[in-house]
Amino acid sequence: MNKRSDLPSDLVIREFRIEDYDILLSLWNEAKLPHKPAGRDKKEEICREIEQTNAVFLVAEKEGVLIGSAFGTHDGRKGWINRVAVSPKWRRRGIAAHLVNEVEHRLNGMGIEIVACLIEDWNEESMKFFERIGYKRHNDIFYFSKRRSPDT
Ligand SMILES: CC(C)(COP(=O)(O)OP(=O)(O)OC[C@H]1O[C@@H](n2cnc3c(N)ncnc32)[C@H](O)[C@@H]1OP(=O)(O)O)[C@@H](O)C(=O)NCCC(=O)NCCS
């Protein structure tokens, strides 16, 4: 993928560090990204996940300020993109596309050839974003899950 000309030139894409946790949650709140701070997004859970070899948790930083995130994992068979968010001030500059592209690239490097994401039905913006960056929408698949608690 070619870099967009309006992508901030001083944008840094780097791995998420647990010290970023509080700022990351502020970003997700600012971005109105649905997340589970009392469940799978709690600090201990994220801390556990980033230790796994299948985690590609990236953030975008501009002048030391965290302005974007994209988390990837794989289950050995498929890659999954999660928690893509960009600060409202920095949208439509190609930052999310750049982050997701980098996550895909790293997952591909781990031998993963298909990457997928789940999007809630109200989130048209996110659907448009993923379609724009090459993801195919499947109207014939329904998501089923079994949870140990609603926060999971
Ligand atoms: C979805 C989101 C991550 C996109 O971030 P972004 O950095 O603005 O996205 P990009 O600039 O990389 O967008 C690339 C392309 O996707 C499409 N796109 C992105 N946001 C769009 C929107 N709101 N409406 C329509 N198309 C959109 C456009 O085609 C865009 O290219 P263009 O700006 O040249 O038209 C951001 O809007 C966000 O943080 N939303 C809230 C959190 C969220 O819902 N995350 C997804 C959870 S599944």
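The values are calculated or read from the model by the stated rules, or taken from the named source; none is laboratory data. This is a predicted model, so every value here is computed, not measured. Positions of Cβ are generated from backbone atoms using ideal geometry, with glycine treated the same way; all protein chains shown enter the neighbour counts. Calculation scope for accessible area: heavy atoms of the full protein, side chains included, ligands and nucleic acids excluded. Shrake-Rupley method; radii C 1.70, N 1.55, O 1.52, S 1.80 Å.
General observations
- Residue within the range 28-47 that is small (Gly, Ala, Ser) and within 16 Å of the ligand (Cβ to nearest atom) present: yes
- Considering residues of the range 1-24 that are under 11 Å from Ile67 (Cα atoms) and either within 13 Å of the chain's Cα centre (by Cα) or small (Gly, Ala, Ser) (or both) only, the residue surrounded by the fewest Cβ atoms within 10 Å (Cβ to Cβ): Ile13
- Criterion: within 12 Å of the ligand (Cβ to nearest atom), farther than 20 Å from Arg14 by Cβ and not in a helix (DSSP H, G or I) - qualifying residue of Asp121, Asp140: Asp121
- Between Asp41, Asp121, the distinction of being open to solvent by 90 Å² or more (accessible area, probe 1.4 Å) and among the acidic types (Asp, Glu) belongs to Asp121 only.
- Residue check, Arg40 under 21 Å from Arg4 (Cα atoms), touching a residue at least 60 places away in the same chain (Cβ under 8 Å) and of a type in the set (Lys, Arg): no
- Restricting the range 67-79 to residues that are crowded, with 18+ Cβ neighbours inside 10 Å and of a type outside the set (Ser, Thr, Tyr), the residue that is nearest to the ligand (Cβ to nearest atom): Gly68
- Selection within the range 107-118 - surrounded by fewer than 17 Cβ atoms within 10 Å (Cβ to Cβ) and either away from the ligand (no atom under 13 Å from the Cβ) or outside any loop (DSSP other than H, G, I, E, B) (or both): Asn108, Gly109, Met110, Gly111, Glu113, Ile114, Ala116
- Scanning the range 84-101 for residues that are under 16 Å from Pro34 (Cβ atoms) and either surrounded by fewer than 21 Cβ atoms within 10 Å (Cβ to Cβ) or among the hydroxyl-bearing types (Ser, Thr, Tyr) (or both) returns a single hit, Pro88.
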